[in-house]
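**Q** Here you go, one structure.
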Amino acid sequence: MARGVPLFDIFRELFTAPTSPLAGDGKRHAVTFSRSRRIPIVWTSTKGPILNFAEGERLSLPSGCRVGQCESYAVDIVLGLRPPI
């Protein structure tokens, strides 16, 4: 701001790691990536975040997470539950 940059153009992100590894809860979820036109794929928490899971299935999701634009990750949940924020 001291150099004339407007406050709305200044962003800050804080990345933290879990204090312990995430444990699998044993639940299985059928995930369908509708644009891929593939049958549902089983996801569990041990398979990591949905972005990593999709990439492991050779699917490309609209995301800027790999280049520092995390707020651009936008995938609509058509049916099911959204994780808590």
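**Q** Six or more apart or on different chains, Cβ under 8 Å: which pairs go from a residue in segment 31-59 that's without any contact (Cβ under 8 Å) to a residue 60 or more places away in the chain to one that's of a type in the set (Ser, Thr, Tyr)? Could you list them?
**A** So the pair list comes out as Arg38/Thr32; Ile39/Thr32; Pro40/Thr32; Ile41/Thr32; Leu51/Ser63; Leu51/Tyr73; Ala54/Ser60; Leu59/Ser36.
**Q** Moving on. Considering segment 33-63 alone, what residues qualify as being in a loop (DSSP other than H, G, I, E, B), loosely packed, with under 14 Cβ neighbours inside 10 Å and either in contact with a helix residue (DSSP H, G or I) (Cβ under 7 Å, 6 or more places away or on another chain) or of a type in the set (Val, Ile, Thr) (or both)?
**A** Scanning segment 33-63 gives Ile39, Thr44.
A short reminder: the numbers here are calculations on the coordinates, not readings from a lab. Quick caveat, the model's predicted, so the values are computed rather than measured. Every residue, glycine as well, gets a Cβ built from its backbone with ideal geometry; the counts of neighbours run over all protein chains shown.
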